[in-house]
Amino acid sequence: MTEDIELSRKYSLMCEERISKAMETKDAEKTLYKLTTMGIKLIVSSATPEKALTNIINKRGLSRVFDRIYGSPTSKEEHIKSVIDTFQYNSSEILYVGDSEDDKRAASRVDCHFFAIG
């Protein structure tokens, strides 16, 4: 069992390292910084474990771009609810940009806008 945990930990670290060095989508970083300078709050909502997600974003040097980083085990719907509570937004003021049916369902359940990519 201990060996399995150690292998899992090593695999996770290897994945984090490779993902953090992956090529970015054209102009993604530039767009994020532009949105930030426009005063738009940027929040990450992912099914990736939150600790790993935070590590990846830190390794990419993007932590200062995001106002919040949410990952699993919390659901995407709970992420949106937390944003509403934290920033005192109405759900109609939120645009959820996502690439999966799960993203679309979460936005629909909380009644916020959704923009599909990919």
Fill in: Helix axis angle, 101-110 relative to the chain longest principal axis, alpha carbon, degrees
40 degrees
Response to the item:
The rounded separation in angstrom of the Cα centers of the range 1-40 and the range 65-94 is 20 Å
Discussion item. For a quick check of understanding: with a 1.4 angstrom probe and all protein chains in place, what accessible area in square angstrom does Arg9 have, to the nearest ten?
Written reply: 120 Å²
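Would you mind telling me the antiparallel percentage of the DSSP bridges in the chain, rounded to 5? Provide the component values of the computation, followed by the final result.
Details: 0 of 8 bridges.
Just about 0 percent of them are antiparallel.
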Discussion item. As a test of the formula, what do you get for the chain when each DSSP H run with n ≥ 4 contributes -39,500 (n - 2.57) and the sum is divided by the residue count, at 222 nm and rounded to the nearest 500 deg cm²/dmol?
Written reply: -16000 deg cm²/dmol
Discussion item. I'd like the orientation of helix 2-20 relative to the chain: the angle between its Cα long axis and the longest Cα principal axis, in ° from 0 to 90, rounded to 10.
Written reply: 50 degrees
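Over the chain, calculate the relative contact order: mean separation of alpha carbon pairs under 8 Å at least 6 apart, over the residue count, as a percent.
Result for the chain is 19 percent.
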Response to the item:
If unit charges are put on Cβ atoms (+1 for Lys and Arg, -1 for Asp and Glu) and the dipole of the chain is taken about its Cα centre, the option from Tyr96, Cys112, Met23 lying farthest towards the positive end turns out to be Met23
Worksheet item: Magnitude of the Cβ-charge dipole of the range 76-118, K/R +1 and D/E -1, about the Cα centre, nearest 20 debye?
Response: 60 debye
Worksheet item: In whole angstrom, and with the biggest value first, how far do the Cα coordinates of the range 16-118 range along each principal axis?
Response: 35, 31, 27
Worksheet item: Looking at Tyr11, Leu62, Pro73, which one has the Cα that reaches farthest to the positive end of the dipole of the chain (charges on Cβ: Lys, Arg +1; Asp, Glu -1)?
Response: Leu62
Discussion item. For the chain, take the longest principal axis of its alpha carbons; what is the angle in degrees between that and the long axis of helix 28-37, to the nearest 10 within 0 to 90?
Written reply: 50 degrees
Response to the item:
Charge dipole of the chain built from unit charges on the beta carbon (Lys, Arg +1; Asp, Glu -1), centred at mean Cα; most positive-end Cα among Ala52, Ser82, Tyr33 is Tyr33
Discussion item. Rounded to the nearest 20 debye, what is the charge dipole size of the chain about its Cα centre when +1 sits on each Lys and Arg Cβ and -1 on each Asp and Glu Cβ?
Written reply: 420 debye
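The values are calculated or read from the model by the stated rules, or taken from the named source; none is laboratory data. Everything quoted here is computed from the prediction, not taken from an experiment. Don't worry about glycine lacking a Cβ; one is built from the backbone with ideal geometry, like all the others, and counts go over all protein chains shown. Note: areas computed on protein heavy atoms with side chains; ligands, DNA, RNA excluded. Shrake-Rupley method; radii C 1.70, N 1.55, O 1.52, S 1.80 Å.
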